Amino acid sequence: MLHWPNIDPVAIHLGPLAIHWYGLMYVVGFLLIYHLAKRQMIERAEWETQITPEHFEGLFTWLILGVVLGGRLAYILFYNFPYYAHHPVEVLYVWQGGMSFHGGMLGPIVAGWFYCRKHKLPFLMLADRIFTVAPLGLALGRMGNFINGELWGRVTDMPWGMVFPQAGPEPRHPSQLYELALEGIVLFCLLWFTRKKDWPEGARVALFLAGYAVARIFCEQFRQPDVQLGFLFASVTMGMLLSSLMLIAGLIWLVLLFRRRETN
């Protein structure tokens, strides 16, 4: 049996300003995604031919806003609306956690589509480059969850079971680390090492959707359901339901993309 290392959620104190590890994980994630997406475009001679540095920086600003706003709003609406309806000020307390991945994915897709349409940029190409490396951001986000001691797993008798102080005395699956490994590192490796294959534009976005959904549904078997929601029905959680829809969408998109290329 292991014990959660009781990490201070505040990384740096600058006078009255407290910089939290959770927020730092997002900053590092955004920087990694920016530079690795740019690297792919340089490899493919797309940088400065299909998108200028100025446009990419503008796009990335929109994507960051989409992640934060989409992730926060989806968490509030799908996971904890009654609480935030009575504590509206805490909607702004993003450093305490409380972000929905599914909203954090949909938000930048919508924001990116509008930005690309406005500036006449190749949306699917850019989406592919960004989603290829997006799992690194997910991995860092799960590390932030672990540091916060939140989103722990179900009770287990496995030797790596971990006691989280806020979850009681029983050892639990460190499900944040399972998700870090599968939704983050494994999915990133799958997408990164296939990035040079001749696939139709948009295929890596579809593969990301399907791959993340499979990993998330698997990890939900070990993750404790949100206390305010519990199981929706039988042993199905909100994460499973949303990920199942995502899996269906990703698979249908993959099939349509490759069929369209075969007929062209």
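What follows is calculated from the coordinates using simple rules that are stated; it is not laboratory data. Please read all numbers here as calculations on a predicted model, not as lab measurements. Reconstructed Cβ throughout: ideal geometry from the backbone, glycine too, with neighbour counts over all protein chains shown.
Worth pointing out:
- Residue identified as of a type outside the set (F, W, Y) and over 12 Å from L73 (Cβ atoms) among H102, H119: H119
- Close pairs (8 angstrom Cβ cut-off, 6 or more residues apart or separate chains): touching a residue at least 40 places away in the same chain (Cβ under 8 Å) in segment 189-208, buried (at least 17 other Cβ atoms within 10 Å of the Cβ) and in a loop (DSSP other than H, G, I, E, B) anywhere: R204/R195
- In segment 81-176, counting only helices (runs of 4 or more DSSP H) that sit wholly within it, the ones holding 1 or more residues that are within 24 Å of I33 (Cβ to Cβ) and in contact (Cβ under 8 Å) with a residue 24 or more places away in the chain span 101-119, 123-148.
- Once segment 39-62 is narrowed to residues that are surrounded by 18 or more Cβ atoms within 10 Å (Cβ to Cβ) and closer than 14 Å to T132 by Cα, the residue that is farthest from the chain's Cα centre (by Cα) is M41.
- One residue from R195, R204, R259 being more than 25 Å from N145 (Cβ to Cβ), of a type outside the set (A, V, I, L, M) and surrounded by fewer than 15 Cβ atoms within 10 Å (Cβ to Cβ): R259
- Yes/no for G230 being of a type in the set (G, A, S) and under 18 Å from the mean Cα position of the chain (by Cα): no
- Set side by side, the residues L77, L2 differ, and just one is touching a strand residue (DSSP E or B) at 6+ places or on another chain (Cβ under 6 Å) and closer than 25 Å to Q224 by Cα, which is L2.
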